[in-house]
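The values are calculated or read from the model by the stated rules, or taken from the named source; none is laboratory data. All figures in this text were calculated on a predicted structure; none of them were measured in a lab. Please note: Cβ atoms are built from the backbone with ideal geometry, for glycine as well, and neighbour counts cover all protein chains shown. For accessibility, only protein heavy atoms count, side chains too; no ligands or nucleic acids. Shrake-Rupley method; radii C 1.70, N 1.55, O 1.52, S 1.80 Å.
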Amino acid sequence: MSLRFFNASYLNENFDLITDAEIIVCEDIIKYAGKRKIKGTFEREIDLTGKLVLPGFINTHNHSPLSLLKGAAENLSLFDWLHNAIFPAEKKFTEEHIYWGCLLSVAESLKHGITCTGDMYFYPEILANVYASNNITAVILGTANDGYSSADEQAQLYKKINYKTVSFIPGIHAPYSCSEKLLSDFSDMVSNLKCLINCHLAETLDEVGECTVKHQDKTPAMYLYSLGLFDYGGIAAHCVHVDKEDIKLLKNCNVSVSHNPSSNLKLISGIAPVYTMLLNGVNVCLGSDSAASNNSIDIMKEMYLAALLQKQFFNNPDAVTTKQALSMSTINGAKALCLKNTGLIKEGYKADLCILNLKCPEALPSFNILNKLVYSMNSSNVDYTVCNGKILYEKGNYRLNEDIDTILNKANMLAQKLI
């Protein structure tokens, strides 16, 4: 499909504002972005007067089927939430729950301008098929523990899930949920495949304390490093309770940190030292975690919190700049998920776009656009979400493989039977 967006304003690869411009999309690639000059015939031309084009937001850590448990377990700390609410409900999950829960999450993501997701849950092939059938980029993240999956199974998935828009990264749930034998098997797999690994890491103080007691004063990051799991890099979600040595280790091992501020606050896990990570050169990106622990899948909200929390946490008003926050929600996420030519509005890059309406009270007056994006605007301003060159969300209307009313009704019906 060929698209021409004209009378557009957009943020270029340096996040500078370019006005009176146009963006040309052919198939799934940005063919041109700049001042008006292109002539030709296009399947569709859209006037973007009063709108802003951004790279699509990238959610690097989600558990999409848990959208079915949104609002079902509140006012609990992480381990109470997991063991007394989520795990019992998850035992009732079938393949049908996975499919419709994932689609519910996809619909919410598109409404919020998210064009790519790192999705970590059971039944990875069902997740992969949902994203692939809807032309959405996704990286399915492995989640082995002592009761589910193995290194051999994930090695096979690593080779098998290699679609046009969907790939797979092996992973463990967390160091505390995996036996030494399972972690050793994963270490061998990493060595054989030369692949990075995904995991939850240092989410709570209890997790860190337990690890240091069991493993000769090694923190969770040091423990996984000692086993060779970070030999080819990784993605570590949360990293709330990491010290300076952990942060240096993550940087040196090329481990990206998926920062999930809303979920960490809601489950009283704490505030990750993102400012220190950035100062040390760690690639920090953003995640929603599940809608069950966050109650929304909204990277603009995470971007806002990521900036504000660090200012208070470090008593430094310049701790995270608006440019850093926007990078965390776009290009840093692409780097973490190993997505090439993704996360910027640039010729030759994937046509993953989020188009915001600037004709609204929260966007005015029109001073610094980055400040407006991070501190004033929100995902209700999203008018269009374009994934791989196709408009999948347009002013309240969806173009998915299932009708939106069917998704909402099926998801709600299945959810009611879980609690």
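Residue check: is Asn357 open to solvent by less than 40 Å² (accessible area, probe 1.4 Å), under 17 Å from Phe5 (Cβ atoms) and more than 22 Å from the chain's Cα centre (by Cα)?
Answer is yes for this residue.
Give the residue, chosen from Glu203, Glu245, Glu207, that is in contact with a helix residue (DSSP H, G or I) (Cβ under 6 Å, 6 or more places away or on another chain) and of a type in the set (D, E, K, R).
Glu207
Please give the number of the condition Asp318 fails out of (1) assigned to a loop (DSSP other than H, G, I, E, B); (2) at pLDDT 95 or above.
For Asp318, the exception is condition (2).
Of all residues being among the basic types (Lys, Arg) and part of a helix (DSSP H, G or I) in segment 321-342, which is farthest from Ile299 (Cα to Cα)? Just the residue, please.
Only one residue tops the list, namely Lys335.
Yes or no: segment 68-78 includes at least one residue that is basic (Lys, Arg), over 15 Å from the mean Cα position of the chain (by Cα), surrounded by fewer than 23 Cβ atoms within 10 Å (Cβ to Cβ) and at pLDDT below 95.
Checked segment 68-78: no residue is basic (Lys, Arg), over 15 Å from the mean Cα position of the chain (by Cα), surrounded by fewer than 23 Cβ atoms within 10 Å (Cβ to Cβ) and at pLDDT below 95.
Tell me the strands (runs of 3 or more DSSP E) entirely within segment 8-95 that contain at least 2 residues that are of a type in the set (Lys, Arg).
It comes to 29-35.
Would you check if Lys346 is open to solvent by 30 Å² or more (accessible area, probe 1.4 Å) and at pLDDT 95 or above?
Spelling it out, Lys346 is indeed open to solvent by 30 Å² or more (accessible area, probe 1.4 Å) and at pLDDT 95 or above.
Under 6 Å between Cβ atoms, which residue pairs at least 6 apart in sequence (or on different chains) link something in segment 331-355 that is more than 19 Å from Glu22 (Cα to Cα) with a partner that is open to solvent by 50 Å² or more (accessible area, probe 1.4 Å) and in a helix (DSSP H, G or I)?
Close Cβ pairs (under 6 Å, with a partner that is open to solvent by 50 Å² or more (accessible area, probe 1.4 Å) and in a helix (DSSP H, G or I)) do not exist here.
Identify the residue in segment 255-304 that is in contact (Cβ under 8 Å) with a residue 60 or more places away in the chain, of a type in the set (Val, Ile, Thr) and in a loop (DSSP other than H, G, I, E, B) and, among all such residues, is nearest to Trp81 (Cα to Cα).
Ile268
Considering (1) of a type in the set (Asp, Glu); (2) open to solvent by 20 Å² or more (accessible area, probe 1.4 Å); (3) touching a strand residue (DSSP E or B) at 6+ places or on another chain (Cβ under 9 Å), say which one Glu203 fails and leave the rest.
Checking Glu203 against (1) of a type in the set (Asp, Glu); (2) open to solvent by 20 Å² or more (accessible area, probe 1.4 Å); (3) touching a strand residue (DSSP E or B) at 6+ places or on another chain (Cβ under 9 Å), the one that fails is (2).
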